[in-house]
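One structure is given here, and the rest of the page talks about it.
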Amino acid sequence: MAYILNIETSTKNCSVSIAKDGETIVCNEIAEEGYSHAERLHVFIEASLKEVGIAFSDITAIAVSQGPGSYTGLRIGVSSAKGLCYASGIPLIAVDTLQILAAQARISNGLIIPMIDARRMEVYSAIFTPELINTRGTRAEILAENSFEDIEGPIYFVGDCAEKAQTVLTKENFIFLEEIIFPSANEMSALSFEKFKNSDTVDVAYFEPFYLKDFMVTTSKK
């Protein structure tokens, strides 16, 4: 029996779940404009443990969303997960953020393209099969009218940039699942358990988030 604590903080959604053998038992999350992850994360962890009725010592492993996504959000989630794993001597599991997002689109045919908003018309994206296999790799790309035009069959877009994406992605086979906005720790449960069974863990000391792009610092004009 494996209890896995899942942490997802790559976007505005601060999300924590506890899963037993790949099934979510409890999930606490909130999406706020102010990125309150630093204040919310450990509160959610404690609340989730209390709801399940277990102690932290009962946790078998910790899984964290590895990115891409918000630099600040990823840094908070990964540093917290690494600290808890190091202190407890339990393994750390890294799960692809875009795969977590794609897992919410339960389809039987076609492709899933999860997208996380970057800036202007840029997104972080990948292309997944219904079985959640990444067929293209992860990219930072600028959306244009010819984006994904070479793909036939239904394409399901999920993520937090549907509004801007629909201004240029207008082909008939493009389907926007607008109710799926942010990646959630709820969908991490099955993914992290599969990695746990395969001993697919990362080095707690050296693991870093997958930022995809370098953090940009701008100089104040004042």
Taking the stretch 166-195 and keeping residues in contact with a helix residue (DSSP H, G or I) (Cβ under 6 Å, 6 or more places away or on another chain), of a type in the set (D, E, K, R) and under 16 Å from Leu5 (Cβ atoms) leaves Glu187
Can you tell me which residue within the stretch 154-171, out of those that are hydrophobic (A, V, I, L, M, F, W, C) and modelled with pLDDT of 95 or more, is surrounded by the most Cβ atoms within 10 Å (Cβ to Cβ)? Val158
Being touching a Gly at 6+ places or on another chain (Cβ under 8 Å), under 26 Å from Thr167 (Cβ atoms) and in a helix (DSSP H, G or I): is that true of Leu101 here? yes
Considering Tyr35, Tyr71, which residue is among the aromatic types (Phe, Trp, Tyr) and either within 19 Å of Glu208 (Cα to Cα) or not assigned by TED's automatic domain parsing to the domain that holds Ser189 (or both)? Tyr71
Could you tell me whether any residue of the stretch 80-91 is crowded, with 19+ Cβ neighbours inside 10 Å, small (Gly, Ala, Ser) and assigned by TED's automatic domain parsing to the domain that holds Tyr35? yes
Restricting attention to the stretch 105-117, which residues are surrounded by 19 or more Cβ atoms within 10 Å (Cβ to Cβ) and over 25 Å from His42 (Cβ atoms)? Ala105, Leu111, Ile112, Ile113, Pro114, Met115, Asp117
So how many residues does the stretch 21-41 have that are in contact (Cβ under 8 Å) with a residue 60 or more places away in the chain and surrounded by fewer than 17 Cβ atoms within 10 Å (Cβ to Cβ)? 4
What number of residues within the stretch 157-182 are in contact with a Pro (Cβ under 7 Å, 6 or more places away or on another chain) and either part of a loop (DSSP other than H, G, I, E, B) or among the hydroxyl-bearing types (Ser, Thr, Tyr) (or both)? 1
Having 3 or more residues that are touching a Phe, Trp or Tyr at 6+ places or on another chain (Cβ under 6 Å) and hydrophobic (A, V, I, L, M, F, W, C) is the bar; report the strands (runs of 3 or more DSSP E) wholly within the stretch 105-156 that clear it. 111-117
Out of Tyr206, Tyr156, Tyr124, report the one residue that is touching a residue at least 60 places away in the same chain (Cβ under 8 Å) and not assigned by TED's automatic domain parsing to the domain that holds Tyr71. Tyr124
So which residues in the stretch 127-153 are at positive phi, touching a residue at least 24 places away in the same chain (Cβ under 8 Å) and loosely packed, with under 15 Cβ neighbours inside 10 Å? Gly153
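The values are calculated or read from the model by the stated rules, or taken from the named source; none is laboratory data. Only a predicted model underlies this, so the values are computations on that prediction, with no experimental measurement involved. Using ideal geometry, Cβ is built from the backbone for each residue, glycine included, and neighbour counts are taken over all protein chains shown.
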